[in-house]
Amino acid sequence: MRREQKLLLVFGALVLIPVGIIWFVAWPLLHAWKFPQMTAGQMSVPISRDLSAEEVQKVNLWLQSHETAWGPSGEKTDLAPKVVLEMATAQGEPVIISIWKYKKQDDIVGIQLAKNGPYRMNAFPDAQLMALQPAGAQPGK
């Protein structure tokens, strides 16, 4: 292999590898995440109770209107969430929605598609989360 070909190969690697890494991180933020339709659910934190059909429908509508800007899969947190909704699809697949509330910054919503699975997270102002939280889920900050 000639010297020019080696330099071209190194240049290509130096350009394509960082672009690939950036794209791998940016892609989840750019494309819409189609959430499955939930048919049932329960709130397990701060109180434990089943959600009504109207509350499940509110969660579905909220998720359908917030399909973009979710972070990459694998995000973690050390804090316990203030609100946890354990939803189920018609096929019985779990969708766990956790909400961390903060006083002086946006609240964080994390979604898991498996029990103890990785989160995909997004931040929202408290006012946008009111429709997602069922009655009894608005704990003090």
Self-check item: One residue from Ser52, Ser44 being over 18 Å from Tyr119 (Cβ atoms) and surrounded by 10 or more Cβ atoms within 10 Å (Cβ to Cβ)
Solution: Ser52
Practice problem: Tell me, please, whether a residue that is closer than 14 Å to Phe124 by Cα and either part of a strand (DSSP E or B) or among the aromatic types (Phe, Trp, Tyr) (or both) can be found in region 44-60. | Solution: no
Quiz item: In the list Ala123, Ala114, which residue meets the criterion of being outside any loop (DSSP other than H, G, I, E, B) and either modelled with pLDDT of 90 or more or assigned by TED's automatic domain parsing to the domain that holds Met43 (or both)?
Solution: Ala123
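For Leu132, state whether it is touching a His at 6+ places or on another chain (Cβ under 9 Å) and part of a loop (DSSP other than H, G, I, E, B).
Yes.
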Practice problem: Confirm whether Gln105 is part of a helix (DSSP H, G or I) and surrounded by fewer than 16 Cβ atoms within 10 Å (Cβ to Cβ). | Solution: no
Quiz item: Does region 75-98 contain at least one residue that is in a loop (DSSP other than H, G, I, E, B), under 10 Å from the mean Cα position of the chain (by Cα), of a type in the set (Ser, Thr, Tyr) and modelled with pLDDT under 90?
Solution: no
Exercise. Give the residue that is nearest to Gly92 (Cα to Cα), with candidates limited to residues of region 12-48 that are within 20 Å of the chain's Cα centre (by Cα) and among the β-branched types (Val, Ile, Thr).
Key: Thr39
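Per-residue answers, yes or no, for (1) farther than 18 Å from Trp62 by Cβ; (2) of a type in the set (Lys, Arg):
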| site | (1), (2) |
| --- | --- |
| Val84 | no, no |
| Ala90 | yes, no |
| Glu93 | yes, no |
| Ile99 | no, no |
| Lys103 | yes, yes |
| Gly110 | no, no |
| Asn122 | no, no |
| Pro125 | no, no |
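The values are calculated or read from the model by the stated rules, or taken from the named source; none is laboratory data. The model shown is predicted, which means the values in this text are computed figures rather than measured ones. For neighbour counting, all protein chains shown are included, and Cβ atoms are generated from backbone atoms with ideal geometry for every residue, glycine included.
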